[in-house]
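Below is one structure, written out as structure tokens; the observations come after it.
We did not get these values from a lab; they are worked out from the coordinates using the rules stated. For clarity, every value in this text was computed on a predicted model and none was experimentally measured. Here the Cβ is made from the backbone with ideal geometry for all residues, glycine too, and neighbour counts use every protein chain on show.
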Amino acid sequence: MEITKKDMQEKFNVKTLVWDGDALKLIDQRKLPFEQIYIKCSSVEDVCAAIRDMVVRGAPAIGVAAAYGVALAAIRYRNISGIDEFAGFMQSRIEMLASCRPTAVNLFWALERMRNIIEKETSNPESFSKNVQTDKIKSIVSLIVTEAEKIEKEDVKINRDLGNNIFSIYKKSSAKYSILTHCNAGALATAGYGTALGVIRSLNSASMVKEVLVDETRPYLQGARLTAWELYMEKIPFFVITDNMAAYFMSKGNVDMVVVGADRIAANGDTANKIGTLGVSILAKYYKIPFYVAAPVSTIDTGTSDGSFIPIEHRPENEVRAVLQKPVMPDYMPVKNPSFDVTPNENVTAIITERGAVFAPFAENIKKLF
Ligand code: MRU
């Protein structure tokens, strides 16, 4: 059945992740915007596959999904021979989830939170008798599930707070802005509301958005498929451009600010985000357009001193050889597919977080967030 424009807006009640206490349902982002299908993950292996295959993507959403992956591993654990064994099993499942995608630090941040609960609760196993250990495992499983639910809930609040922090830079007024964004840093990339799109949603709620220019974001088309869809549903004015049109619109004075998300921000403010973000930042600098990175504090990796240390994922070559699975060249053509690039801090006007907006000098000011 064909979905009409009207149907789509009326039916908009989409959640990126739905946890029902025993399984995680993820909207299949590979199928959007044409189909709204949920994939059910009943095991940690299912969650790994969903992260790896881009059913769920976007830094905070990957983190939340991984936390539920840990919860599923705990719920399905059956071999109750003792707390030590349980702790070892959980550790191995956390490692499995950590290997799914390398760049977005929210994955490792969320897994660390889960690991801390497990380590705290499983230390001193010899102090429990065998029977008590069974009960103790049950109570740890419930703590693990609660922590995953907490990570999900917190994410939505964090995004609302960071979105509203745009008003510390642009006071509420009757001004209207044209905003360029790259990739999808919206509700679909998070547990809800979005980061870069959170900022845009907040500005729109104050009637301060003239229009959004959405980079299509080759090769995976997160902009054309996901960001455009979210904006359409929210009735925020926008148009999609191919990535190579950004300079044209900037040169015509059609862009007042750029707002993007982030997958990992180094301690000095260098920012890894979807491939193409670096180019947009260079253009913005050339045309003296403010360039904002919107991200939760959990995306800041203080253990990584600068962007050169951020691991960059290289994705399958066929993503470049095809558009929406339709080949545009034979598969023997050589291609490259780095999935992220690093924008140096000197191209960033401010990093907008839930704890406030941070300006240069970034190394110094980022420290004040913690
Ligand atoms: O490969 P993806 O789609 O997971 O990449 C997503 C991005 O680069 C987003 O811009 C980033 O994760 C920020 S999401 C709030």
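Tabulated values for the structure
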read-out: Most fluctuating residue given options L203, L221, L324, as computed from a GNM of the chain linking Cα atoms under 10 Å; value: L324
read-out: Simple label model, 7 Å out from Cα along Cβ direction - Y248 to Q36, nm; value: 3.3
read-out: Among A294, A189, A175: highest mean-square fluctuation, GNM of the chain, C-alpha pairs under 10 Å; value: A175
read-out: Karplus (6.51, -1.76, 1.60) ³J(HN,Hα), θ = phi - 60°, over region 85-91, in Hz, Gly and Pro reported as x; value: 5, 4, 4, x, 4, 5, 4
read-out: Beta bridges by DSSP in the chain, antiparallel share as percent, to the nearest 5; value: 50
read-out: Global geometry of region 182-242, whether rounded, prolate or oblate, following the gyration tensor of its Cα atoms and the 1.5 cut on a/c; value: oblate
read-out: Global form of region 105-230, assessed from the alpha-carbon gyration tensor, a/c cut-off 1.5; value: prolate
read-out: Between 0 and 90°, nearest 10: helix 59-76 axis offset from the chain longest Cα axis; value: 20
read-out: Amide H contacts under 5 Å for L180, placed H, 5+ residues apart; value: L213, D256, M257, V258, V259
read-out: Listed pairs K252/K274; K15/K368; K31/K171 exceeding 28 Å between Cα atoms; value: K15/K368; K31/K171
read-out: Cα-based shape type of region 163-369, given that a ≥ b ≥ c are square roots of the gyration tensor eigenvalues and the cut on a/c is 1.5; value: oblate
read-out: Segments 359-367, 179-187, 95-103 sorted - mean Cβ within 10 Å per residue, highest first; value: 179-187, 95-103, 359-367
read-out: For the chain, size of Cβ-based charge dipole, Lys and Arg +1, Asp and Glu -1, in debye; value: 840
read-out: Over 20 Å [Cα-Cα, region 157-283], rounded percent; value: 39
read-out: Added length on full extension, which subtracts the Cα-Cα distance from 0.36 nm per residue, R76 to D306; value: 78.8 nm
read-out: Value at 222 nm in deg cm²/dmol, rounded to 500, when DSSP H runs of n ≥ 4 in the chain each add -39,500 (n - 2.57); value: -12000 deg cm²/dmol
read-out: F309, F370 arranged by Cβ crowding within 10 Å, fewest neighbours leading; value: F370, F309
read-out: Residue among L283, M250, I62 farthest towards the positive dipole end of the chain, charges placed on Cβ; value: M250
